Structures are given as structure tokens and as C-alpha cells.
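Below: the structure, in C-alpha cells.
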Amino acid sequence: MSVRIAARSLRSKILPMFAPAATLHSHATSFGFKEVNEEDKSQLVGNVFTKVASNYDIMNDLMSGGLHRLWKERLVSKLSPFPGMKHLDVAGGTGDVAFRILETIYSVHRRAVDDTLEDDLHEETQIHVCDINPNMLNVGRKRAQQRGLGDLGSLAWIEGDAEKLTFEDNSMDGYTIAFGIRNVTHIEKVLAEAYRVLKKGGRFLCLELSHVDTPVFKQLYDQYSFSVIPVMGELVAGDRDSYQYLVESVRRFPPQEVFASMIADAGFQKVEYENLVGGVVAIHSGLKI
């Protein structure tokens, strides 16, 4: 169930509760459970995704039992894509979210009957996939070619930093980031950039692994995360360390309420979040008004 957040109340009540654990939930100097120099984190995270790029989608299927597909569908349904929109998908290198947005826009129910009008909509619609890792983008480009979308003018692949976007102010109708924001060095800078590039009325949506509150479920989830996922990474991808980082990075990410307050602090309004699978993942959203 979606939970609406009163930003001012959260800032005064929730954030102080987590002040003693600021180090735990700070991305400024954390790399999983390790403390690293701020300037080193980007390179360390880059190394992780360079290693996992070729097996990224296979491992997502295995780790989530295929549920990540449903979570991304839910994310896109909240976006409500429309023909002619200008959209930015950040940390979306493999194209999973971007392809779903395009499929929604050009679905049978929303497709124009007139071929000329349809061609015009293809030209007007712009989905920008931005990722800091070129290897992830290469995977996305190959997948686009396999889907017959390689020459589609409405799909653009851009190597870029979520903390320093190159897009103009007030240029995007929508912004999505799926399983990416916990890997950045400064969450607040990413949120500020998202707010800057969105048009008034534009929607911010973030899908991220989050925190389970139910004690029994949390115990089972922690056991699976720390005992199974790294082993799975070693057996399937030949890389235990990257998946050890993954499960650790989730525990360093702010709880749902705190992250919602950070989104509100960036200027977004009507901030809310929806827990999926008991909080294993959460979708946060906000509007630029």
C-alpha cells in the first residue's frame, strides 16, 4: 500500500532518529560495509558493474526468481508513459526499463492508426538511457539491436554521471532510476539533478532494494542475501565479491521513510513510496510542481 509522506513532519521526527547511524546510511564514504575515500567509490562501483555487465540480467532473474520483471513493470505503470514524452532513465544501461517504456508508448492500445502519425510520434518521443558504465550501455545497445530497436531515433544511449547530468534544466517529462541510486556517492546530488532536469509536472520514480521490517521475514531474507546470493554470483558469474557488495550496499541504503524525506528535501512534492514483497524493494515517487 502506498504511504504518503508529510515532508516537514518527517524531517523533524524521522531524520533525528537516524542521526546516530549517519555513518551507516551515508554513501559518501561507504562501499558495502567498507569505509573508503569518497573519490574512490565511483571507481570501485564502476569495477563492480564492469565485471557483472555480461551476466547482469541473468543474475537478476536468478536472484529475484524473475520478480524484478514485475517490479519494473510496476515502476513503468506508475510513470504512465505517453507518446511524445521526453524521458530520462538513469543507471539504466541494459535497457530493461527503457524498453518497457517504449513498449508501453507504442502498445496496440495507444498506437496511432495512421502510419505517418506513428512515425511522427517515434520522432517526437525521446527516451534517454544514461549510465556511467560503458559496459552496461554496450549490453543495452546489443539488446536494442536484437529487439529491432537499434536504429530507433527515439532511443538514445548516453554515458554520464547521475550526480552531474548534461541535460538542460526543465527538459524531461519523467525520470526513472532502478537499482542504481544506492551505488552513487552522494544521493542528495542525484536527487537535486533529477529535480533540475524535470519539467514542472514531471515525475521522479526510483525502484530500489530496500528494508524488510517483519522480523521473521527479515531473518529469512538476510540469510538468503548473505548466504545464497554471493555463492550464486560465484557459481554463475564467477564473481563472489561483486554480489557480496550488492547485499551489503542494500543494508547501507537509507530506510524507506528516510529516503522519502530526502526526496522531499530535494524539492519534490506529493512524495510517496510503495513496498513490494514486504519491503524487499520499494518504489519511491515525487512530483516537481
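The values are calculated or read from the model by the stated rules, or taken from the named source; none is laboratory data. All values reported here derive from a predicted model rather than from experimental measurement. FYI the Cβ positions are ideal-geometry reconstructions off the backbone, even for glycines, and counts take in every protein chain you see. Ligands, DNA and RNA are excluded from the accessible area calculation, which covers all protein heavy atoms including side chains. Shrake-Rupley method; radii C 1.70, N 1.55, O 1.52, S 1.80 Å.
Tabulated values for the structure
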quantity	calculated
Pairs with Cβ under 9 Å, 6+ apart, first in segment 142-158 and in contact (Cβ under 8 Å) with a residue 12 or more places away in the chain and within 21 Å of Asn55 (Cα to Cα), second acidic (Asp, Glu) and part of a helix (DSSP H, G or I)	Arg143/Asp57; Arg143/Asp96
Residues of segment 249-289 satisfying the condition of being open to solvent by 30 Å² or more (accessible area, probe 1.4 Å) and closer than 17 Å to Asn183 by Cα	Arg251, Met262
Residue within segment 220-234 that is touching a helix residue (DSSP H, G or I) at 6+ places or on another chain (Cβ under 6 Å) and not in a helix (DSSP H, G or I) present	no
Residue within segment 79-97 that is of a type in the set (Lys, Arg) and modelled with pLDDT under 95 present	no
All positions within segment 150-189 that are of a type in the set (S, T, N, Q) and either in contact with a helix residue (DSSP H, G or I) (Cβ under 9 Å, 6 or more places away or on another chain) or crowded, with 22+ Cβ neighbours inside 10 Å (or both)	Ser154, Asn170, Ser171, Thr176, Asn183, Thr185
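Yes/no per residue for (1) open to solvent by 60 Å² or more (accessible area, probe 1.4 Å); (2) within 17 Å of the chain's Cα centre (by Cα):
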{"position": "Asn47", "(1), (2)": "yes, no"}
{"position": "Asn55", "(1), (2)": "no, no"}
{"position": "His68", "(1), (2)": "no, yes"}
{"position": "Val76", "(1), (2)": "no, yes"}
{"position": "Ser80", "(1), (2)": "yes, yes"}
{"position": "Tyr106", "(1), (2)": "no, no"}
